[in-house]
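> Before I ask anything, here is the structure I am working with.
The values are calculated or read from the model by the stated rules, or taken from the named source; none is laboratory data. All values derive from a computational prediction rather than experimental measurement. Quick reminder, even Gly has a Cβ in these numbers, built from the backbone with ideal geometry, and neighbours come from all protein chains shown.
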Amino acid sequence: MPKTKNEIDALLTKPNVAVLAVTGPNGAPHAVPTWYDYPGRYHCLP
C-alpha cells in the first residue's frame, strides 16, 4: 500500500476504477464501479 504523498498521487493518477458503496435502508450493501478523476487534490466522480 502506498504511504507517501508521491506514491498516493502516482496510484490515483492511473486509470483505475473506483467502487462506490452504500448501505440501503434494509441494510443491504449496494456497490457500483465508477471512473474518477484525481487532478491532485480532490476526487471527482462523474
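> Which residue pairs have Cβ atoms closer than 6 Å, lie 6 or more positions apart in sequence or on different chains, and pair a first residue in the stretch 20-42 that is closer than 18 Å to ASN6 by Cα with a second residue that is assigned to a strand (DSSP E or B)?
Partner pairs satisfying both residue conditions: ASP37/CYS44.
> Among residues belonging to the stretch 32-43 that are assigned to a strand (DSSP E or B) and surrounded by 10 or more Cβ atoms within 10 Å (Cβ to Cβ), point out the one that is modelled with the highest pLDDT.
The initial filter retains those residues of the stretch 32-43 that are assigned to a strand (DSSP E or B), namely 32-34, 37.
Filter again for surrounded by 10 or more Cβ atoms within 10 Å (Cβ to Cβ), leaving 34, 37.
Working: THR34: 89, ASP37: 82.
Looking at residues that are assigned to a strand (DSSP E or B) and surrounded by 10 or more Cβ atoms within 10 Å (Cβ to Cβ), I get THR34.
> Also, I was wondering about something else. Considering only the stretch 8-31, state which residues are in a loop (DSSP other than H, G, I, E, B) and out of contact with any strand residue (DSSP E or B) (no Cβ under 6 Å at 6 or more places or on another chain). Can you show your working first?
So the first thing to find is which residues in the stretch 8-31 are in a loop (DSSP other than H, G, I, E, B), and the list is 13-17, 24-28.
Those that are in a loop (DSSP other than H, G, I, E, B) and out of contact with any strand residue (DSSP E or B) (no Cβ under 6 Å at 6 or more places or on another chain): THR13, LYS14, PRO15, ASN16, PRO25, ASN26, GLY27, ALA28.
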